[in-house]
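Below is one structure, written out as structure tokens, with a few remarks after it.
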Amino acid sequence: MQTWNSYLTEILTQIRTPDLAADPHARLITEAYLVPSPDRQDLQFSFPVLIHTNIGDDISLPRSGSAGGIHAIIEYCKEQAVRNPELGLLYGAETVNQSRYQVNLEPYTIVSSQSCIATGLWHPDEQNYVDEQGIHLILRGALRHHEPSQAGIPEMAAKLSAYAQAIADQVHRVPLSRIRKEWETTVDQQTILNRLPDLGLVSFIGDGTRPAREFTRYRCWERVAGPKRGVHIPFYTPKELDPIEVFLPGSNQTITGLGIRAGELFAITGSNAQGKTSLLQAIHAGEDIHAPGDGREHLVTVRGGISVDATNVELKGVDLTPFFETLPPGMGGDPGCATGQGSGSASMAFRIKDAIVKRRPYIIIDEDRSAQNLVHPCYMSVEGQVHSLASLLYRDRSWLEGTGLIIAGSGMELLIARADRIIRLCDHAAVPVSKDEWREGLRRYYQHLIELV
């Protein structure tokens, strides 16, 4: 049975102009395909092209930042697609199912990530990049379905070739200033990332960072979501926390910001809906390189950290020490090698201990996703059987083995009392709180609770 995929190599050899060439040796099904949609109303396609350009020669910046230039080019093509009929195949303009292909137009504000995220969106990656040959892009889209035939190859090749040429035309029209700005921003973030170990930091939060996110149909996770529209209060480092200056060679400027130190317990607190979780999530997302306008382009975090939570998991010979001295009924083994269905607290204890064993640079703990009876002492916890994180840190911190803790919450007061530094978000702005101030306030609050009891 003949399919369009069986003709694809022949089609790709005909997609060639003075500006570009498709790769007839592309891996079928993965890099290149031409297949009917499940309802056979559309033909969905993907194929790699090389666009001839000397863009690298026009920008005197390290090639390591070139993903920023590719990001600028891809986003420009998305923007122009809705105004240029020649780019209509990108979002299936000639089909009756355009809503299926709006994902190809979805804006994306992440330049690069070592994590496999947003794979359904068009963005720079190992298949969309620039090198000494030119710009490599994977072109996707959809057109009306028609049955495969040898006679239809020239028409199909002409249609895909015209689409590829339209993309190439837009690539050549991208303002060089836009490409250079994104390239510079990428180099700046790479510079900060490389400097963090020498500065003794695991994260740098540049002043002016806007951590809040706005979700869309295709970007419904905070890591990939774009900046919140409307009122968006930026983060600025309180002078009491000694802002750090960092020089950015890409954009040739010096910025200030908050440095979170390696091995420290850094606490973010505040009342309800003050942006604690948003800031915590932005710190974790600092592992990615962000485009100008994302709001997190001056927030950079070392890679390898982990966010732990209380989601139940099946435990298979895991270490729950020093949190558990004895195991609850229903679990097998011993605290050093526990098996069975983990409760929220046991699952979280495993994640924390596993992160320490793996020498993670930092652990993120969000109160809203944590097992409260694990992070701080509780009245109903059985004495001598379960030790809270706050209690363990009160006695000895050496068991953390250099792994830092970045925590956010307002109800885990005793854990925050063990913090090295504390900021309070008040009306979404950061306010420093000294350890003595926090502990004295906590004593007064607990006295009030005693009176209530």
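The values are calculated or read from the model by the stated rules, or taken from the named source; none is laboratory data. Every value quoted in this text rests on a predicted model; they were computed, and no experiment measured them. Virtual Cβ from ideal backbone geometry, glycine too; neighbours counted across all protein chains shown.
The table for this structure:
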| quantity | calculated |
| --- | --- |
| Residue within segment 168-175 that is assigned to a loop (DSSP other than H, G, I, E, B) and either more than 17 Å from Y33 (Cα to Cα) or at pLDDT 95 or above (or both) present | yes |
| First in segment 17-42 and over 19 Å from A93 (Cβ atoms) and without any contact (Cβ under 8 Å) to a residue 60 or more places away in the chain, second anywhere and assigned to a loop (DSSP other than H, G, I, E, B) and of a type in the set (D, E), Cβ under 9 Å, 6 or more apart | D23/E31; A32/D23 |
| Condition met for Y218 (over 18 Å from V111 (Cα atoms), modelled with pLDDT of 95 or more, of a type in the set (S, T, Y) and crowded, with 17+ Cβ neighbours inside 10 Å) | no |
| Every residue from segment 255-277 that is buried (at least 21 other Cβ atoms within 10 Å of the Cβ) and in a helix (DSSP H, G or I) | K276 |
| Residues being touching a strand residue (DSSP E or B) at 6+ places or on another chain (Cβ under 8 Å) and either modelled with pLDDT under 95 or part of a helix (DSSP H, G or I) (or both) - total across segment 229-254 | 4 |
| The lone exception for D368 - which of (1) part of a helix (DSSP H, G or I); (2) of a type outside the set (A, V, I, L, M); (3) touching a strand residue (DSSP E or B) at 6+ places or on another chain (Cβ under 8 Å) it fails | (3) |
| Check on E297, surrounded by 17 or more Cβ atoms within 10 Å (Cβ to Cβ), of a type in the set (D, E) and touching a residue at least 40 places away in the same chain (Cβ under 8 Å) | yes |
| Members of segment 131-159 found to be within 20 Å of P107 (Cα to Cα), among the hydrophobic types (A, V, I, L, M, F, W, C) and either out of contact with any Ser or Thr (no Cβ under 9 Å at 6 or more places or on another chain) or modelled with pLDDT under 95 (or both), listed by number | L137 |
| Test: residue in segment 354-375 that is acidic (D, E), more than 21 Å from L201 (Cβ to Cβ), at pLDDT 95 or above and over 33 Å from the mean Cα position of the chain (by Cα) | no |
| Any hit, segment 164-185, residues being closer than 17 Å to I110 by Cβ and among the small types (G, A, S) | no |
| Some residue of segment 415-424 being more than 26 Å from G206 (Cα to Cα), surrounded by fewer than 17 Cβ atoms within 10 Å (Cβ to Cβ) and either touching a residue at least 40 places away in the same chain (Cβ under 8 Å) or not β-branched (V, I, T) (or both) | no |
| Subset of segment 428-453 (residues that are under 27 Å from S278 (Cβ atoms) and assigned to a helix (DSSP H, G or I)) | K435, E437, W438, R439, G441, L442, Y445 |
| Qualifying position, being more than 18 Å from I110 (Cβ to Cβ) and touching a His at 6+ places or on another chain (Cβ under 9 Å), among I255, I268 | I255 |
| Residue satisfying condition, being more than 17 Å from G270 (Cα to Cα) and either in contact with a His (Cβ under 7 Å, 6 or more places away or on another chain) or part of a strand (DSSP E or B) (or both), within set L405, L415, L374, L425 | L405 |
| Whichever residue in segment 377-402 is assigned to a loop (DSSP other than H, G, I, E, B) and of a type in the set (D, E, K, R) and, among such residues, is surrounded by the fewest Cβ atoms within 10 Å (Cβ to Cβ) | E383 |
| Selection within segment 278-292 - outside any loop (DSSP other than H, G, I, E, B) and within 27 Å of Q372 (Cα to Cα) | S278, L279, L280, Q281, A282, I283, H284, A285 |
